[in-house]
Amino acid sequence: MSTSTQTLESHPLDNVVWRALNTRQIQFSAGDDRARRYMVDVAPFAGMREVSPAGFASLFPLVPQGDRVAMFTIEPVQPADRFEILVAKTGHQMIATRVAAPIQPRDFERLDDSSVQDMLTLVEASRPGPFSVRTNKLGDYLGIRVDGHLIAMTGERMKLEGFTEISAVCTHPDHRGHGYAHDLVSAVAQAVLDRGEWPFLHVFSDNLPAIALYERLGFTIRRTMHLTVLAAKP
């Protein structure tokens, strides 16, 4: 659609980034009452109260040259002229009210700041999606090590009232096929449920193996979202 106003308020998860950055994760945000983004070293996601020319005007100074931001919206976005679209894809937002138990007992490690370099190394090898030097500050992360090496992890990212996102679901390519992702997601999602919240996650619509895994765990598709990655033009 054009840059005419797109209202994003219905279900809280329809405008998930905006809701998170104005509530439980406001300490990680930069922006104003029209557009906000996670700090650059935390995550690349941005949200607006409503998608509009005024919202893009507020977003522009939050995107340094060479940086990029990603937006989740319920309709396709056509940004203002000062932005370039780098990626435009659809993804499913999935949610669970109960989750399957782990396949087998695991020796999970709670990952703290001392593990950040190991986490970044694993992300580089497995490519689960955006993960920056302070992404781990957004929530709890669990990992599995083999011979001292971090080979799988899952954690929490966006948080808003009543909901926590499951993210960074990744396993090193040399260690796939052992059910690590299943059991890590199970453990992290169950901890969210135990707090009285609903776990949710995002997955590209064409990532059929991941969707099948999440469905086996008990997640269902709540709705399809549009993911748009933007860069500011010089």
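In the stretch 180-234, of all residues being acidic (Asp, Glu) and assigned to a loop (DSSP other than H, G, I, E, B), the one that is surrounded by the most Cβ atoms within 10 Å (Cβ to Cβ) corresponds to Glu197. Of the strands (runs of 3 or more DSSP E) lying entirely inside the stretch 22-87, not one is found with 1 or more residues being out of contact with any helix residue (DSSP H, G or I) (no Cβ under 9 Å at 6 or more places or on another chain), surrounded by fewer than 14 Cβ atoms within 10 Å (Cβ to Cβ) and not small (Gly, Ala, Ser). Set side by side, the residues Thr90, Thr97 differ, and just one is assigned to a strand (DSSP E or B) and either closer than 30 Å to Tyr180 by Cα or open to solvent by less than 50 Å² (accessible area, probe 1.4 Å) (or both), which is Thr90. Annotation note: Cβ proximity below 8 Å between a residue of the stretch 11-28 that is free of Cβ contacts under 8 Å to residues at least 24 places away in the same chain and a residue that is open to solvent by less than 10 Å² (accessible area, probe 1.4 Å) (sequence gap 6+ or interchain) occurs for no pair. Of all residues in the stretch 135-142, one or more are part of a loop (DSSP other than H, G, I, E, B) and without any contact (Cβ under 8 Å) to a residue 40 or more places away in the chain. Scanning the stretch 175-205 for residues that are among the charged types (D, E, K, R) and under 17 Å from the mean Cα position of the chain (by Cα) yields a single hit, Glu197. Quick check on my filter: what residues within the stretch 110-134 are assigned to a loop (DSSP other than H, G, I, E, B) and basic (Lys, Arg)? Once the filter is applied, which keeps residues that are assigned to a loop (DSSP other than H, G, I, E, B) and basic (Lys, Arg), the stretch 110-134 yields Arg127, Arg134.
Of the residues examined, Pro79 is not one that is over 16 Å from the mean Cα position of the chain (by Cα), over 22 Å from Val42 (Cα atoms) and at pLDDT 95 or above.
Examine the stretch 166-174 for a residue that is modelled with pLDDT of 95 or more, within 17 Å of the chain's Cα centre (by Cα) and over 27 Å from Gly47 (Cβ atoms), and state whether such a residue exists. For the stretch 166-174, residues modelled with pLDDT of 95 or more, within 17 Å of the chain's Cα centre (by Cα) and over 27 Å from Gly47 (Cβ atoms): present.
The values are calculated or read from the model by the stated rules, or taken from the named source; none is laboratory data. As the structure is a prediction and not an experimental result, all values here were calculated from the model. Quick reminder, even Gly has a Cβ in these numbers, built from the backbone with ideal geometry, and neighbours come from all protein chains shown. For accessibility, only protein heavy atoms count, side chains too; no ligands or nucleic acids. Shrake-Rupley method; radii C 1.70, N 1.55, O 1.52, S 1.80 Å.
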